[in-house]
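See structure below.
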Amino acid sequence: MDKIYDIGLGNNDVNLRKKAESDFVSFWDDQAKNLSWFSPWEKALDWQPPFAKWFVGGTINASYNALDIHQKTKSEKSAILWEGENGESRNITYGEMFSQVKKFSNVLKSLGVKKGDRVTIYLPMVPELPIVMMACARIGATHTVIFSGFSAASIKDRVTDSKSKVIVTADGGYRRGKIVKLKDVIDEAIKDSEFVEHVVVLERTKNEISLSSKDKLWNDLMNNASDQCDAEKLDSDHPLYILYTSGTTGKPKGVLHGTGGYLTHLYSTFKWAFDIKDSDVFFCTADIGWVTGHSYVVYAPFLHGATQVMYEGAPDFPDASRMWDILQKYRVTIFYTTPTALRMFMKFGDDIPNSFDLSSLRLLGTVGEPINPEVWKWYFKIIGREKCPIIDTWWQTETGGMLISPLPGLETIPLKPGSGTRAIPGVNISVVDENGDDVPDNTKGYLVVKNPWPGMLLTLWGDDEKYKTVYWSKYENCYYPGDYALRDDDGYLWLLGRADDVLKVAGHRIGTAELESCIVSHHDVAESAVCGIPDEVKGEVIIAFVVLKQGVFDTKILEKEISEKIRNDIGAIATPKQIYFVSKLPKTRSGKIMRRLLKAIANNEKIGDVSTLEDGAAVTEVQSAFDDIQ
Ligand code: ATP
Ligand code: MG
């Protein structure tokens, strides 16, 4: 067993957990009171499985809670310390955000956008992105943000699905020093979409663009807009946004989130998990095109009036020191990133982060995939200098906010590398077998959520049936996230990978995360992905794809060492039939390993929907590594 890291922040509020356990509805009822409501709710929860309505009868506005409430005390406080990829910077105060959001709200109104209309946003990581989102929220329009790396075809699907009548984009965005011509992509995506009435274009890169009668320039519209605009009083379950999932397991799903419940969930988790204080400088590296960016870049920090760093470009541009340079420059205190980014930084070696002053850091977080214990320890030692708790936060686009995480802002809990510890208060999580019965401790099973929670999705946009089938049909009245997990003797939860990817070898079930973490613990390995392929004798055999750290290696020796490590740490049963060494793995644009592609290649099957694949070259490489050995 790994060493346990006991480094809490000294906070301990046992009463909160007690209250949550005795009555989760009244617990969340109390939490909702932290927000500013225009009118109170009559009922905290209306649960008509599988549809939950939180704070029924209450009226609220997300932009009001993010901006208006801070104006008396924080109008001069920095909301966003923005760093452009090219080194430009902007410091935007709460007062400036407020006035920009109100102006853009009036722009949207002038373009005919009404409460309930959808607005598609396809912008790079610039402050105008949260400005547009909050302007939508202010007037009750539902935003649907599309990550700025997506192609015209992916946008077309999403815009058609949401029937947005206005699109907000930019001429271009910077990525690795190059201009990505966003406006051109939009032109291509919507050429047959008659329902799109207007396209607003922000000038960011000043590249040449062609303007049609639908197109309006951001500056022209903003120059004429008034900065007076009251926030709409919206029902608590008013749809705040549609966001498509990362697409790791297949075609992305249009997740619909409401307002009052979602904001309550974010307000509470931001406080408990990040222990946020007025003096903090928060930095979440997620792109706003993903849910982490929606929840913990845009809404949660603003609800708390926090200061945050927002970075425009690639994390390793112009070189591998960029992140540490940003942490040092802005004296970041709380840093939230992904295992995939950490594995990349680790690959570059310790000297780079070691040469920066990271002493301002006091808390670290990760999200998106299981974090390999080896990577956790590196993060703890090299980045956190052994003084920062790490919160491993498990959640999904659908859950709106964290459901499993250590909560240093609420309670002290010893940390175990690779475990998200426990469910947050007010959320009831179990690990169950195929029949839905709780499995004993230390037994693998499926993660389920037994009660609704405030950040829970309202439904899948325009598809209640699919919502029911995907999340609520495997177990009765239990939310099924599709993840494989285990609860240990101490009650700690371990996420073992996707339920769909579970390896079944000779009657044993192995989560992909267990095996990959074992491989990654070899000192020369940077990353790994495993999958099962059918085998006539054993039913299924395991194959592994391995990315090595920088350096020169003898792969024959490594193959032996890795197999031996697996035999020792997990058992002979888990030894891969074949190990393939590759230079990169196929990932989604949000950085998650797409095991389904590996599996498809290995099985000679069609690889299906690849709209969210980050780099096609990874697939080609895996394909040829596989062909070479066959
Ligand atoms: P799709 O549902 O379209 O396949 P996706 O599931 O990758 O895409 P997201 O909502 O971005 O889309 O990701 C949620 C998933 O990410 C979780 O279900 C889980 O598998 C994984 N995940 C997130 N955080 C963690 C974590 N801390 N530990 C382990 N897994 C995590
Ligand atoms: Mg998912």
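The values are calculated or read from the model by the stated rules, or taken from the named source; none is laboratory data. Source: prediction; values computed, not measured. No Cβ is skipped: glycine too gets one built from the backbone with ideal geometry, and neighbour counts run over all protein chains shown. Quick note on the areas: whole protein, heavy atoms, side chains included, nothing else; ligands and nucleic acids left out. Shrake-Rupley method; radii C 1.70, N 1.55, O 1.52, S 1.80 Å.
Would you please calculate the Kirkwood hydrodynamic radius of the stretch 78-135 over all C-alpha pairs and express it in Å, rounded to one decimal? Present the calculation step by step, with values, prior to reporting the outcome.
Values: mean 1/r = 0.0804 Å⁻¹.
Computed over the stretch 78-135, the radius equals 12.4 Å.
Of Lys114/Lys474; Lys183/Lys587; Lys114/Lys253, which ones are farther than 32 Å apart at the Cα? Working shown, then result.
Values: Lys114/Lys474 38 Å; Lys183/Lys587 25 Å; Lys114/Lys253 25 Å.
In this structure, Lys114/Lys474 exceed 32 Å between Cα atoms.
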If R₀ is 35 angstrom, what is the calculated FRET efficiency for the pair Val537 and Glu465, using the beta carbon separation as r and rounding to 0.05?
0.30
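Of Lys178/Lys347; Lys53/Lys444; Lys387/Lys584, which ones are farther than 28 Å apart at the Cα? It would help to have the intermediate numbers written out before the result.
Numbers: Lys178/Lys347 24 Å; Lys53/Lys444 32 Å; Lys387/Lys584 32 Å.
Beyond 28 Å: Lys53/Lys444; Lys387/Lys584.
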Residues with beta-carbon under 10 Å from that of Val113, excluding Val113: net charge, scoring Lys, Arg +1 and Asp, Glu -1?
+3
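Of the beta bridges DSSP finds with both residues in the stretch 287-415, what % are antiparallel, to the nearest 5? Could the numbers behind the result be given before it?
Working: 1 of 9 bridges.
Taking every DSSP beta bridge within the stretch 287-415, about 10 percent pair in antiparallel fashion.
Which of the GluC sites (Glu not before Pro) across the stretch 151-203 are loop residues per DSSP, with 10 or fewer other Cβ within 10 Å?
Glu194
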Output the 0 to 90 degree angle, nearest 10, between the alpha-carbon long axis of helix 128-139 and the longest principal axis computed from the alpha carbons of the chain.
60
Using the Cα centre of the stretch 174-272 as origin and beta-carbon charges of +1 (Lys, Arg) and -1 (Asp, Glu), tell me which of Asn219, Tyr267, Val196 is placed farthest towards the positive end of the dipole.
Tyr267
Could you pull out which residues in the stretch 133-159 have an amide N less than 14 Å from a spot 7 Å beyond the Cα of Ser212, following the Cα-Cβ vector?
156
If the only charges are +1 at each Lys and Arg Cβ and -1 at each Asp and Glu Cβ, what is the size of the charge dipole of the chain around the Cα centre, to the nearest 20 debye?
860
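When the helix-only estimate is applied to the chain (DSSP H runs of n ≥ 4, each -39,500 (n - 2.57), divided by the residue count), what is the mean residue ellipticity at 222 nm, nearest 500 deg cm²/dmol? Can you show the working numbers first?
Working: 20 runs with 183 residues, N = 630.
About -8500 deg cm²/dmol.
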Where in the stretch 354-394 are there trypsin sites (Lys or Arg not before Pro) that are in a DSSP coil and have at most 16 other Cβ atoms within 10 angstrom of their Cβ?
Arg385, Lys387
Listed residue (Phe150, Ile179, Val168) projecting farthest to the positive dipole end of the stretch 132-182, Cβ model
Ile179
Accessible area of the chain divided out per residue, in Å², using a probe of 1.4 angstrom
37
For the stretch 75-130, averaging the sequence separation of alpha carbon pairs under 8 Å that lie six or more residues apart and dividing by its residue count, the contact order in percent is 29
Along the three principal axes, how long is the chain when you take its alpha carbons, biggest first, rounded to the nearest angstrom?
69, 59, 51
What GluC sites (Glu not before Pro) in the stretch 486-574 are in a loop by DSSP, with at most 16 other Cβ atoms within 10 Å of the Cβ?
Glu536
Of the accessible area of the chain, computed with a 1.4 Å probe and all protein chains kept, carbon and sulfur make up a percent value of 46
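If you build the Cα gyration tensor of the stretch 493-615 and take the root of 5 times each eigenvalue, what three semi-axes come out, in whole angstrom, biggest first? Write out the running numbers ahead of the final one.
Values: eigenvalues 85, 74, 40 Å².
After scaling each eigenvalue by five and taking roots: 21, 19, 14 Å.
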Please list, in order along the stretch 467-484, the HN-Hα scalar couplings obtained from phi with the Karplus expression 6.51 cos²θ - 1.76 cosθ + 1.60 (θ = phi - 60°), rounded to whole Hz, x for Gly and Pro.
4, 5, 5, 5, 9, 10, 9, 5, 10, 6, 6, 10, 7, 10, x, x, 10, 9
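Rounded to the nearest 5, what % of the DSSP beta bridges within the stretch 528-630 are antiparallel ones? Before the final figure, lay out the partial values.
Working: 10 of 14 bridges.
Approximately 70 percent, going by the DSSP bridge assignments.
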log₁₀ I(q)/I(0) of the stretch 195-276 at q = 0.23, 0.25 Å⁻¹, via Debye over equal Cα point scatterers, no solvent, to two decimals?
-1.05, -1.08
Of all beta bridges DSSP finds with both residues in the stretch 83-169, what is the antiparallel percent, to the nearest 5?
10
Counting every C-alpha pair in the stretch 296-437, the percent lying more than 20 Å apart is 51
Place a label point 7 angstrom from the Cα of Lys556 along the Cα-to-Cβ direction, then list the residues of the stretch 612-629 whose backbone nitrogen is under 18 Å away.
629
Looking at the P(r) of the stretch 572-613, how many percent of alpha-carbon pairs lie beyond 15 Å?
52
Where does helix 616-629 land angle-wise versus the long Cα axis of the chain, in degrees 0 to 90, nearest 10?
10
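Would you work out the relative contact order for the stretch 34-189, in percent, from Cα pairs under 8 angstrom that are 6 or more residues apart? Numbers along the way, then the final one.
On the way: 242 pairs, mean separation 28.3, N = 156.
Relative contact order of the stretch 34-189: 18 percent.
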